[in-house]
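A.B. asks: Encoded as structure tokens, here's the structure I'll be asking about.
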Amino acid sequence: MPITLSELNRSIQSVIEGTFSNKTFDLIAEIGQVNIKKESKVAYLDLVEKGTKSGEFIARSAAQIWGKEFETIQEFERVTGVPFQSGIKVLLKINVHFHSVYGLKINVLNVDPNYTLGALAQAKENTILLLLEKYPDKIQRINGKINSYNQSLPLPRIIQKIALITGAQAEGGIDFVHE
């Protein structure tokens with residue numbers, strides 16, 4: 001016997017609310033995409049978990065930050081010094097709801113900046129180790145400091161060329177171009 005869409009959604013809602021009602025979870029994910037609307041204090045996130053192969057996704061879900069929780073974005077950026085953007089790993093405190101019209105909703109209650117700081121430090125160290133392994137003649141770690149071939153080159157008295165490597169929307173790059 002066929003059922004209506006609203007009946008199906010009420011059944012799904014009943015199961016989800018029975019399982020997830022009044023529960024919060026700590027969730028580790030990478031931000032795949034983010035759309036921040038500062039004027040309405042809402043952010044829509046595409047959370048992803050990537051596999052070991054390039055472009056491989058294991059999981060993907062939509063989430064949102066809104067209301068008083070929107071301030072966690074500003075706190076995250078203040079503590080980490082990193083824009084809340086695609087490509088960063090985050091530890092989120094979330095809850096899960098299902099609405100018969102709007103579907104499954106993952107609501108972000110908090111973003112832990114300390115987790116991201118640790119993930120960034122680990123990624124930096126992995127990059128340094130890779131460079132040390134691939135280019136031992138050009139890069140060395142001496143007394144905890146990284147020394148590269150470029151540091152051995154003398155600086156000209158007047159610097160005429162500067163290269164800046166940055167993301168298109170990074171504040172440092174924008175400031176450099178405009179200043």
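A.B. asks: Of Ile162, Ile146, which residue is within 24 Å of Phe176 (Cβ to Cβ), open to solvent by 90 Å² or more (accessible area, probe 1.4 Å) and not acidic (Asp, Glu)? Steps first, answer last, please.
C.D. replies: On the way: Ile146 fails: open to solvent by 90 Å² or more (accessible area, probe 1.4 Å).
Every option except Ile162 fails the conditions.
A.B. asks: Which numbered condition in (1) in contact with a Phe, Trp or Tyr (Cβ under 9 Å, 6 or more places away or on another chain); (2) open to solvent by 20 Å² or more (accessible area, probe 1.4 Å) is the only one that Pro83 fails?
C.D. replies: (1)
A.B. asks: Kindly indicate the residue of region 103-132 that is assigned to a helix (DSSP H, G or I) and in contact with a helix residue (DSSP H, G or I) (Cβ under 7 Å, 6 or more places away or on another chain) and also farthest from Glu7 (Cα to Cα) among those meeting that condition.
C.D. replies: Leu117
A.B. asks: Kindly check whether there is at least one residue in region 50-62 that is closer than 22 Å to Gly167 by Cα and surrounded by 11 or more Cβ atoms within 10 Å (Cβ to Cβ).
C.D. replies: Yes, that holds for at least one residue.
A.B. asks: Considering only region 63-80, how many residues are in contact with a Lys or Arg (Cβ under 7 Å, 6 or more places away or on another chain) and either in contact (Cβ under 8 Å) with a residue 60 or more places away in the chain or open to solvent by less than 20 Å² (accessible area, probe 1.4 Å) (or both)?
C.D. replies: Within region 63-80, residues that are in contact with a Lys or Arg (Cβ under 7 Å, 6 or more places away or on another chain) and either in contact (Cβ under 8 Å) with a residue 60 or more places away in the chain or open to solvent by less than 20 Å² (accessible area, probe 1.4 Å) (or both) number 1.
A.B. asks: Please identify the pairs in which a residue from region 21-35 that is closer than 14 Å to Asn110 by Cβ has its Cβ atom under 6 Å from the Cβ atom of a residue that is of a type in the set (A, V, I, L, M, F, W, C), counting only partners at least 6 apart or on another chain.
C.D. replies: Close Cβ pairs (under 6 Å, with a partner that is of a type in the set (A, V, I, L, M, F, W, C)) amount to Phe25/Ile94; Leu27/Leu92; Leu27/Ile94; Ile28/Leu91; Ala29/Leu47.
The values are calculated or read from the model by the stated rules, or taken from the named source; none is laboratory data. The shown structure was predicted, so the numbers you read here are calculated from the model rather than taken from an experiment. Reconstructed Cβ throughout: ideal geometry from the backbone, glycine too, with neighbour counts over all protein chains shown. SASA here: full protein model, heavy atoms, side chains in, ligands and nucleic acids out. Shrake-Rupley method; radii C 1.70, N 1.55, O 1.52, S 1.80 Å.
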